[in-house]
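The values are calculated or read from the model by the stated rules, or taken from the named source; none is laboratory data. Note that the coordinates shown come from a computational prediction; the quantities given were computed from them, not determined experimentally. Note: ideal-geometry Cβ built from the backbone for every residue, glycine included; neighbour counts use all protein chains shown.
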Amino acid sequence: MSVTPSFISQAIRMLELTRFLKEAGIKNKEIAHSLDMYPSAFSALMNNVLNELVKQNQKGQLTEEDIKIIFDQVNNVSELKTRRRIQDYIQQLETLKMQLFDVAERKPLNYIDNLVNNSPGEILRLLEGVYHCYYISSFGYRVKREPFLIYYDARHRTYRVRKGNKKSPACYEGFGYMSNNHLFTIQIAEKNTLSIDNFMAHFHLPPLYAETMEMLKGISISMSNSNLPIARKMLLHRVGNFSSLDDFNQLETVFFKATEGNDIEIVKYLRSQTSFIEYLPIPYPDYAPQDLVKENKVKELI
């Protein structure tokens, strides 16, 4: 006697759903737990029974005797229980799938959570402290130095980052993580402003981590004072360990005049070469490669 088509369809659907959930990062034991099954029994059902059943069915229509033989070859899977509960299994897997979509809608950048959670704490601990942050400001294109803080937030179990303080013209806050073995990445946003600047920077760490790192050199991507995309060299110079926000808030933000800061190596470094790239919206009738020549001429004036 042939197997009812509905049972074959149920087997196919259960395999499809399980494959989808596993590709989405759900572990085998988590799927088994949701179905109230032991992980070993779940693996046997999927790999040795349903997978084999679908594979054999593609070669030709199975009989009830064929299906019984497949089940009999697996000790810890009951044919009767599987037939009785397979539709419930499918419904539960469908629910798990919908929950994944719900999470994806609420947290479309879940991979960042993974980067934050998997960042090595032993390296990030070396970075904790108060820094002077140097870069070319788009406000007058002068070297700017402002307070910068990296600290561990125990409540949220993340490394927090602050650029600027209560005395600064602008204050940014966000988080940091290791985007690879030698890159410390920060993502911060401007606070208390109608036009939010989302600011990202990558800082390269030396191959051999010292007990303390006095300076970090990186590249930032943000918005200029004209709300245009700008990439800048950024240097962090450690000035102390983090003790309290009160100490951090005492640091001043400084805009160096052309005659100031020439005795500071970092300031001299930033002044010695082009340390920013800014997109300039020239009003062309069209935008073609030859128009880039005009853009470079405007940059020479800066």
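Things to note:
- Filter pass, D246 being loosely packed, with under 12 Cβ neighbours inside 10 Å, part of a loop (DSSP other than H, G, I, E, B) and more than 26 Å from the chain's Cα centre (by Cα): no
- Failed condition for P206, given (1) surrounded by fewer than 16 Cβ atoms within 10 Å (Cβ to Cβ); (2) touching a Gly at 6+ places or on another chain (Cβ under 9 Å): (2)
- Residue identified as among the basic types (K, R), surrounded by fewer than 16 Cβ atoms within 10 Å (Cβ to Cβ) and outside the structural domain of P229 (by TED's automatic domain parsing) among R125, R83: R83
- Qualifying residue in the range 10-28 (condition: loosely packed, with under 13 Cβ neighbours inside 10 Å and either in contact with a helix residue (DSSP H, G or I) (Cβ under 8 Å, 6 or more places away or on another chain) or over 30 Å from D113 (Cα atoms) (or both)): no
- Which listed residue is closer than 30 Å to I12 by Cα and either touching a Pro at 6+ places or on another chain (Cβ under 7 Å) or modelled with pLDDT of 90 or more (or both), from Q91, Q99: Q91
- Enumeration of residues in the range 254-265 that are outside any helix (DSSP H, G or I) and surrounded by fewer than 18 Cβ atoms within 10 Å (Cβ to Cβ): V254, F255, K257, A258, T259, E260, N262, D263, I264
- Selection count where residues are surrounded by fewer than 18 Cβ atoms within 10 Å (Cβ to Cβ) and either more than 34 Å from the chain's Cα centre (by Cα) or not charged (D, E, K, R) (or both), scope the range 266-275: 5
- Test: Y177 is hydroxyl-bearing (S, T, Y) and not in a strand (DSSP E or B): no
- Residue within the range 186-195 that is in a loop (DSSP other than H, G, I, E, B), of a type in the set (D, E, K, R) and either buried (at least 20 other Cβ atoms within 10 Å of the Cβ) or in contact (Cβ under 8 Å) with a residue 24 or more places away in the chain (or both) present: no
- In the set K299, K268, only one residue is in a helix (DSSP H, G or I), modelled with pLDDT under 80 and under 23 Å from Y134 (Cα atoms); that residue is K299.
- For the range 150-164, the count of residues that are assigned to a loop (DSSP other than H, G, I, E, B), surrounded by 13 or more Cβ atoms within 10 Å (Cβ to Cβ) and at positive phi is nonzero.
- Of the helices (runs of 4 or more DSSP H) lying entirely inside the range 15-64, those containing at least 1 residues that are touching a residue at least 40 places away in the same chain (Cβ under 8 Å) are 28-34, 51-59.
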